[in-house]
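To start, the structure under review is shown below, and the notes come after it.
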Amino acid sequence: MGFKPDYPSDSALIYKLARCQDFEAVEEVLGYVQDNTVHCQETLFIALFQHYGKAHLVDKAVELFHRRTCFNRVRTRQSLNSLLNVHVDNDRFLVANELFDKACKLGFRLNSVAFNVMIRRQFENGEWEQACKVFEEMLETKVEPSVATFNSLIGYLCGNGELDKALLEDMIKRGKRPNAVTYALLMEGLCLIGEHDEAKKMVFDMEYRGCKPAVVNFGVLMSDLVKRGKIEEAKSLVHEMKKRHLKKDDVTYNILINYLCKEGGRAAEAYKVLFEMQVM
């Protein structure tokens, strides 16, 4: 009908088809894009890698990665990182290792995102020592660890009841400011080993260090309190959040509702919390 192919319309069609997992049609449109030399943006390919990964079509993602030059696009570091994620999410750890190891030969300079993916891969296998080796390699190759890097390390240790504040200090020395998630992980670790008061004090500690407490931090405290049956204290945290002008999310209320529903004879209280959730 005389319509000239362009990126906005073609990419919109590809996105919708990928979300519907109609990958046969995706390939058809990609062939059309390639034949008409439509200039594509990086985000399209990264999104397709993710959709292929969710559908466990990892080989399709790899094939598209190698076909990038056919679309007048060079393979970028962001694409490599996305493909690494796809491999790890689909438990293709050996392939992820191979891709990571030969990245330099492919012309990529690895960044913190790639190392973070590989550290996560080691943690999923419960390999703390191997994760530390990846971290050391990161430092040796002069790649600066990110906040996410430290959060992964801190989170793994805290999740296993091995609280290590030295990592927090190292993080600060390297000029990385701990965020609300960092403190939430430390608070979870403290709660896990029974240091409930210390976890509560962490809210003041993070404020002292210039990090504003967020919903996630109060969520950790609330979860710990309801597990110990201290529902009134958990409710008081909701009021504390209100004083701090923190917008409570559904997770916050679900913590209370879930506990009250499990407790015999407290369904009316759960309904009251649900009502409050709707009008807040």
### Message
I need the full set of residues from the range 228-256 which are more than 17 Å from V203 (Cα to Cα) and in contact with an Asp or Glu (Cβ under 9 Å, 6 or more places away or on another chain), in order please.
### Response
G229, K230, I231, Y253, L256
### Message
Take M206 and tell me if it is closer than 27 Å to G161 by Cβ, in the same structural domain as I172 (by TED's automatic domain parsing), modelled with pLDDT of 90 or more and in contact with a helix residue (DSSP H, G or I) (Cβ under 6 Å, 6 or more places away or on another chain).
### Response
yes
### Summary
Screening L99, L153 for residues that are in the same structural domain as M202 (by TED's automatic domain parsing) and surrounded by 19 or more Cβ atoms within 10 Å (Cβ to Cβ) leaves only L153
### Message
Between L260, L246, L221, L274, which is aliphatic (A, V, I, L, M) and in a loop (DSSP other than H, G, I, E, B)?
### Response
L246
### Task
Kindly indicate whether any position in the range 53-70 is farther than 28 Å from M118 by Cα, of a type outside the set (D, E) and at pLDDT below 90.
yes
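Condition check ((1) over 16 Å from L185 (Cα atoms); (2) of a type outside the set (D, E); (3) touching a Lys or Arg at 6+ places or on another chain (Cβ under 6 Å)) across all residues:
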residue	(1), (2), (3)
D91	yes, no, no
K102	yes, yes, no
F123	no, yes, no
W128	yes, yes, no
K133	yes, yes, no
L157	no, yes, no
### Query
Restricting attention to the range 116-153, which residues are farther than 19 Å from N81 by Cβ and small (G, A, S)?
G126
### Message
Against the condition modelled with pLDDT of 90 or more, over 20 Å from P178 (Cα atoms) and surrounded by fewer than 17 Cβ atoms within 10 Å (Cβ to Cβ), how does K142 come out, does it pass?
### Response
yes
### Query
Among the listed residues E232, E240, which satisfies the condition of being acidic (D, E), closer than 17 Å to K272 by Cα and not assigned by TED's automatic domain parsing to the domain that holds P145?
E232
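So that you can scan it fast, the table gives a plain yes or no per residue for (1) farther than 12 Å from Y183 by Cβ; (2) among the basic types (K, R); (3) surrounded by 13 or more Cβ atoms within 10 Å (Cβ to Cβ); (4) touching a residue at least 24 places away in the same chain (Cβ under 8 Å):
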{"residue": "E232", "(1), (2), (3), (4)": "yes, no, no, no"}
{"residue": "H239", "(1), (2), (3), (4)": "yes, no, no, no"}
{"residue": "L260", "(1), (2), (3), (4)": "yes, no, yes, yes"}
{"residue": "K272", "(1), (2), (3), (4)": "yes, yes, yes, no"}
### Query
Residues of the range 8-31 being over 20 Å from V62 (Cα atoms) and surrounded by 14 or more Cβ atoms within 10 Å (Cβ to Cβ), which ones?
D10, L13
### Selection status of H66, over 27 Å from D35 (Cβ atoms) and not assigned by TED's automatic domain parsing to the domain that holds A148
no
### Summary
The condition from (1) more than 22 Å from the chain's Cα centre (by Cα); (2) within 23 Å of G161 (Cα to Cα); (3) of a type outside the set (S, T, N, Q); (4) part of a helix (DSSP H, G or I) that Y183 misses is numbered (1)
### Message
I'm checking my understanding of the structure. Among residues of the range 82-128 that are over 20 Å from A55 (Cβ atoms) and among the small types (G, A, S), which one is modelled with the lowest pLDDT?
### Response
G107
### Query
Hey, does the range 151-162 have a residue that's more than 30 Å from I193 (Cβ to Cβ) and not in a loop (DSSP other than H, G, I, E, B)?
no
### Query
Does E188 satisfy being charged (D, E, K, R), modelled with pLDDT of 90 or more, in a helix (DSSP H, G or I) and buried (at least 18 other Cβ atoms within 10 Å of the Cβ)?
yes
### Query
Can you find a residue in the range 159-175 that is surrounded by fewer than 19 Cβ atoms within 10 Å (Cβ to Cβ), touching a residue at least 12 places away in the same chain (Cβ under 8 Å), under 19 Å from F123 (Cβ atoms) and under 18 Å from the mean Cα position of the chain (by Cα)?
yes
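The values are calculated or read from the model by the stated rules, or taken from the named source; none is laboratory data. The shown structure was predicted, so the numbers you read here are calculated from the model rather than taken from an experiment. Cβ sites come from the backbone with ideal geometry, for glycine too, and all protein chains shown count toward neighbours.
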